[in-house]
Structure formats: structure tokens, C-alpha cells
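Take a look at the structure set out below.
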Amino acid sequence: METKPSLINKIATAPLKVMLIILTGLALILNLLLEILGRHSLTGAFGFLFAHPVLFLYNSLIILLTLSICLIAKKRLTLLLLLSTIWIALGVTNCIVLAFRASPLSAIDFLIVKAAIGMFTIYLSVIQIIVIAIMLVAFIGLMVYLFIKCPKCNVAYHKSIACIAVIGLSVYLATMFAAESKALESESNSELVKAYESYGFAYCFTRSLLSQGVDKPDSYGTDKLGDLLDSLDSVTIEEPPLDDIIPPPDDPIPPDEFYKFQFTPEQLEKPNIIFVQLESFFDVEYVKWLKCSEDPTPTFTSLKANGVSGFLRVANVGGGTANSEFEVLTGMNLDHFGFGEYPYTTVLKTRACESIAANLKSLGYSTHAIHNHTATFYDRNVSYASLGFDTFTPVELMSGVRYNPLGWECDDIMTDQILSALNSTAESDFVFAVTVQGHGKYPEEPLDVDEFDNNSYLAYGDGKNQPVKVSGLRTESEHSQYSYYVNQLRETDNFIRELLDELTMRNEPCVVVFYGDHMPALALTEDDIYNGDLYQTEYAIWTNTEMFGDCPNLYDLDLEAYMLSAYVQSLCGISEGSITKLHQSELQTGKVYDEELRVLEYAQLYDNSSDIKYEISDLKFGTDNIHITGWETSGNSLYVYGSGFNKYSTVKLGGFARTTTLVSENKLRVDNIYFYEGIPEVVQISGDGTELAKATFPSVLP
């Protein structure tokens, strides 16, 4: 008796026409699943289908093109499972990412996955990690099973290739038609969320995969660039344009808290300039329904009232710290780059460009970057060299770091690190510091509850203060998130106050800029906040000089993030670098030079024949060397003594890294040593295995 072929056999050996029908149906199902996952809503996905059926079919056509590759495989079902699983995995990943930040998944995220592995335990529970591992093993097993059991089919290569070509041509023509008809408008990077919601996941993710860099401007040419550079050479700094006069606040901070000193003109020519980028930092007073028992950010509130401040338009919401850094440091507009691109992970890995660090370095400044998180995240260990920094101090080079309840590094460590950078040279310094304590994901359940009040948290971290209590929240989950977030804000604000106190005692002319990198990854909408814009943070400038006179609020100005450094330099009487001069010209004239900015961006980063050249610096990690002062063996253990050790310190014996135990900041231990007569090394190694710095011996130091 002849047995009927199984379903697997039927699909695996189906005629080409039948297979195309199966692939089309599968593409539609996968597309609907991707939208359900991306919108966290079944009704939202069907709403997109019925409101934009053509766009839904267009996204399905993109998926169909990828699935059609299986038509040229003899074991087509195995390849089809792999391709389908890739799409499903992307959708699930996007769903998870959107639960932790507002920005959807883009192709560039996979360039930082190695450095992000160490944060999985912050975002995922142990059970979730185990489930993912089990699913991965099960998938591999299924792939092996299908590869063994799936029968081969006879492939008509000429017909199959022709079908793939027709589908590919259809995608191309549909894309061209949609672009011409404005059905697919060119959304900027700052509208990434809107683009995914409007045009669908498959299209947007594919676009992020293919889009990178600044397109060559239509007007680009040697003459155009030369004329532009000549015109910028004549730019001179004038008094910054002022908005309507803002009267002094009714209740300014006491005079003894607003530090001003008299400095000589020579001292004021090159003040220390410090930028502090604050993770997910914003004034929660803007949330309409949120009430706090006290202002969690009194220092920042005082700075806004008594210094220069304004709104800062950033390119991201809920994430994308590195892109806020990029715009502030370089003056370049992220909207000109690839869809969802992080230039830190692409062009800046091999190409240097103008930045405020490079500009000030040309004037004799020493330049330092500091971040109390891992060096390799967003490839900062490479890109900071392309931005002209002399030193970079990441968490791997810091001792005494505290961690908050979620495992993020606390910001109080930054005060000593900034002072160390200032003390490391005799020259004026530019310091760019990036904090991390306020980072999400924010807990949906209470982490610690005060016994006498079920709606409050015990103080986080050092426990010096009573917690800021929140009310007005709509759900218990929101209450937990905002209770945690608001108290992290307060600790960051405490760091700001401590830093200003220390800078005051130095009695050196100093200009400090504080600003938020993006809004926090909380479920906020534009209707929830008074300023009605999720892409706005705030900045505030403090100085211990008479730079702004008695009415610094006269200089308040709302800015694009990529114009902040040019504005600060103009306030300091500095005009260096073509992009800086271009923005300072915009600030003076009120004109927008978007096309000119594109020309300069392309010339600096993508035109190998351009005369605008910047050098990649010889980046040193840390401003204080880690030292080895001696070592000894005891039993089967080797003890290495020195200074500056931390959990990232690893002992190498004979060139091989050994499992190392941190005993203290001055002592490391390596076990199972039975015989060793060489000289041990100590290196600082990041979580992804990148070696950053090597300890030195004081006797060989200059």
C-alpha cells in the first residue's frame, strides 16, 4: 500500500506556482505579525492594514522578496524556515526594544550588540534569558531535523531566478513610485518612531539596512566648497542674538550659591570648558499630572533661573545617547545621515572630523572624554579618537564606582573624574562627560517600600536623603517607574551640585554646560507634557565669571542640539572650525544654511580629495595611570600589588589572561599558580574582551 506524502514533503516538492502562492500567504502573515509585535497591539496592526492597505502590501512584497530566495535551494523548506525565523526574530527583538526605549530596532543596533551583551541582565530576567536560550537550542534542533528529513526538490533555476528577479523589480518600481508620489516621505532620523508607525517595520528596517552616510549634495564641487570656506573665514563673533528680555526670577537662588569671581582678561581668554551630558535628564515639572513631594532637581532649576538656558532639540527619544553626543560634539545634523544610523559605529571608526574638541585642541586646550559606563558601547573607544580627544576615561578606568538598584553606574563618581582630568594638565581643558545613572529600563514593581508609607521609596544609593515621593500616577506600574526615576534624577542633581562646589574651590575660570541627552524611556506622549515636544530636553550654562553680567537670562536661546557647541563657543569668544563658524553665522543672521552644512559634512567625512582634514588622535585611556608596585606568591596564589585596580583589572602571565580576583584597589589575586618566574602584567579589559589600558611600573615612568 502506497503511503501518502507528508505535508513537509508536499511543501518541499511543490511546483513553482504553488510555492509562490505559499510564499505570498506567508509574507502577508509575517508582515501582520511584525506589525502586531512592533505596535504592541493587535488592533493597531489591523488598523495599519485597513488604513494603509497599499503600504501593508508593499511591506509584504519586501518580505516576499527575501523569502523567494528559497526557490533556488534544493532543500527549500529548511531555508524557508531560516528566513521566516529571521523575520520573526527581528519582530520579537523590536517588540522587546520598544519595551525599554522609544526608538524602534534598526540595522545599526546590531553593530553594538557585542558591547550590549553585558546589559542583558538589566533588561531581561534570568528566566527570560533561559527561555531565549531554550528557544534558540530548539530552533537549531528543528533546523537540523528539517535538513535531514526534508527531501530535495528539482530546481528549475532559470524559472526560479526569473521569479526572484520579477519580485525584486516589483519592489524597486514600487519604491520609486512611492517616493515620487510622496507615499514614502523621507522621514528624518528625529522622526524614526513616526516613520515605523506610518510606513511599517519591514520597509523601515530594510531602509536602515541599506541607508548610511551623507549623500553627496547636488551642488557639491570644488568651487562650491572653496567659496563656502572663504566666506566662513570672514565670520566674526558678534553679540549673540537675544530673545525678548526676560526679567530676573522672583525667587533667585541666594547670591552665595551663585558663584562669580573676577579674573584677568588673560585668564578669560581660555577658560576651562566642560560639557556634561545627563542621561535621560529632564525637569519632571513638565509632566502635567505628576506631583512630587519636593523638586528632585533643585540645582538644575537654580541654574536655569540664574544662568543661560533653553530648550535643546535632540534627534532621539527614549534612547540614542551616542547620537546626541555626536550632534553636540560635531555640529553635524543627524538628519543628513543614514536612516537610523549611529555615526559613532560607522564613519567615525575610520575618519576624523571637526568637533569642539578638535577646535579647542587647535587653540592649545587639552581634551578629555569621560563616561561612567563601558568604553566599547557605541564604539566610543574608537570614535572618540576621531573626534580629537587626548584621553578617554570609561568605567573600566575608574575606582570606587557605586551602582544603583538596576545595576547602572552612579553619577557621583563623575566629580572626581572631571577634577582628575582638569588636574592632569597645566593647560586649559575641555572635558566632555557623559553620565548613565538615569538610564532605563525603569522597574514596574517597587524595589523597596517604606514601612510607614506604602506609596514611597526608601532613598536609593547612599541613603543620605528621604526619598522624593510621587503622586498623580495612573497605575501602580507607573508609580514604581516614576518613583525610581525621580529619585535617580535627584542623585544626578546632587552630582551637579558637588561638581559646582568643587569647581568653585578651584578658583579657575570655568564654563560648564549641562544638558539632557533625550527624554526618558517612559510612556509619555506629547499631551502629557506642558511643552508638548518629546524631542526637547533642556540645557543650562554655569560660569564662575562675569561673562553674562547680572542678567544671564538675556542670553537664553532655544537651540538644535547640533548648534549648542557653536553657541557656547561664541559666548566664550571662540570661533574655530568651518562648521562652528557656519552655525555662528546662522545665530547672528537668523538664516538657515542646511545645504551648506551638508556640503561641509560630506567634505569632512566622505570626500577623500577634500582639503579639510582632521587627524585621528592617539587616544589614551584614563588620566591617572594604573600602577604595579610589586607581586609575590603565597601558596598556590599570586598577589599583584599596585594602585587603581578595579573589577576590570586582569592579570596576564606570559601574555595570557588569567582569571583574576579583585581583593582591593591595591591588590589582585590569581589562583592555581604552581610555578611562575616572569613579570606579571595588569590590563584593563572591557566586558566584550577589548583590552584598553595596561598598568605601568612607577620606576619606568618619566
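The values are calculated or read from the model by the stated rules, or taken from the named source; none is laboratory data. Predicted, not measured: the structure shown is a model, and the values here were computed from it. Glycine also receives a Cβ, built like all others from the backbone with ideal geometry; neighbour counts cover every protein chain displayed. The accessibility values were calculated without ligands, DNA or RNA, using every heavy atom of the protein model including side chains. Shrake-Rupley method; radii C 1.70, N 1.55, O 1.52, S 1.80 Å.
The strands (runs of 3 or more DSSP E) found entirely in segment 343-436 include none that carry 1 or more residues being open to solvent by 20 Å² or more (accessible area, probe 1.4 Å), in contact (Cβ under 8 Å) with a residue 12 or more places away in the chain and not aromatic (Phe, Trp, Tyr).
Counting the residues of segment 276-291 that are in a loop (DSSP other than H, G, I, E, B) and either in contact with a strand residue (DSSP E or B) (Cβ under 9 Å, 6 or more places away or on another chain) or among the aliphatic types (A, V, I, L, M) (or both) gives 7. Of everything listed in (1) within 30 Å of SER483 (Cβ to Cβ); (2) open to solvent by less than 10 Å² (accessible area, probe 1.4 Å); (3) of a type outside the set (A, V, I, L, M); (4) not in a helix (DSSP H, G or I), the single unmet condition for GLY338 is (1). Scan segment 545-601 for residues that are at pLDDT 95 or above, open to solvent by 30 Å² or more (accessible area, probe 1.4 Å) and not charged (D, E, K, R) and report the count. Total meeting the criteria: 1.
Taking the listed residues GLU396, GLU444, the one that is of a type in the set (D, E, K, R), over 27 Å from LEU363 (Cβ atoms) and at pLDDT below 95 is GLU444, with no other qualifying. Within segment 481-493, does at least one residue satisfy the condition of being buried (at least 22 other Cβ atoms within 10 Å of the Cβ), closer than 30 Å to GLY364 by Cα and modelled with pLDDT of 95 or more? No: zero hits.
Quick one: is ALA45 modelled with pLDDT of 90 or more and assigned to a helix (DSSP H, G or I)? Yes.
Filtering segment 642-656 to residues that are surrounded by 15 or more Cβ atoms within 10 Å (Cβ to Cβ) and not in a strand (DSSP E or B) leaves GLY644, PHE645, ASN646, TYR648.
Conditions tested, residue by residue: (1) touching a strand residue (DSSP E or B) at 6+ places or on another chain (Cβ under 8 Å); (2) closer than 30 Å to GLU508 by Cα; (3) open to solvent by 20 Å² or more (accessible area, probe 1.4 Å).
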| site | (1), (2), (3) |
| --- | --- |
| ILE274 | yes, yes, no |
| SER293 | yes, no, yes |
| THR297 | no, yes, no |
| ALA315 | no, no, no |
| GLU325 | yes, yes, no |
| MET332 | no, no, no |
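For the condition at pLDDT 95 or above and either of a type in the set (A, V, I, L, M) or assigned to a loop (DSSP other than H, G, I, E, B) (or both), VAL468 does not qualify. For segment 197-222, a tally of residues being assigned to a helix (DSSP H, G or I) and in contact with a helix residue (DSSP H, G or I) (Cβ under 7 Å, 6 or more places away or on another chain) returns 9. Of all residues in segment 559-597, those that are among the β-branched types (Val, Ile, Thr) and farther than 23 Å from GLU546 by Cα total 4. Go through segment 667-686 and count every residue that is open to solvent by 80 Å² or more (accessible area, probe 1.4 Å) and not charged (D, E, K, R). The total comes to 4. Among strands (runs of 3 or more DSSP E) entirely within segment 657-699, having at least 1 residues that are over 20 Å from SER634 (Cα atoms) singles out 681-685, 691-694.
Assess whether TYR172 counts as being at pLDDT 85 or above and in a helix (DSSP H, G or I).
On the way: at pLDDT 85 or above: yes; in a helix (DSSP H, G or I): yes.
Judged against the criteria, TYR172 is a match.
Scanning segment 213-235 for residues that are more than 30 Å from THR345 (Cα to Cα) and open to solvent by 50 Å² or more (accessible area, probe 1.4 Å) turns up ASP223, ASP227, ASP230, SER231, ASP233, SER234.
Within segment 496-544, count every residue that is closer than 24 Å to PHE282 by Cβ and either aromatic (Phe, Trp, Tyr) or open to solvent by less than 10 Å² (accessible area, probe 1.4 Å) (or both). Looking only at that region, the number is 23. In the set (1) in contact with a Cys (Cβ under 8 Å, 6 or more places away or on another chain); (2) surrounded by 19 or more Cβ atoms within 10 Å (Cβ to Cβ); (3) more than 26 Å from THR346 (Cβ to Cβ), the condition left unmet by SER60 is number (1).
Of all residues in segment 321-335, those satisfying the criterion of being among the aliphatic types (A, V, I, L, M), outside any loop (DSSP other than H, G, I, E, B) and closer than 19 Å to LEU582 by Cα are VAL328, LEU329, LEU334.
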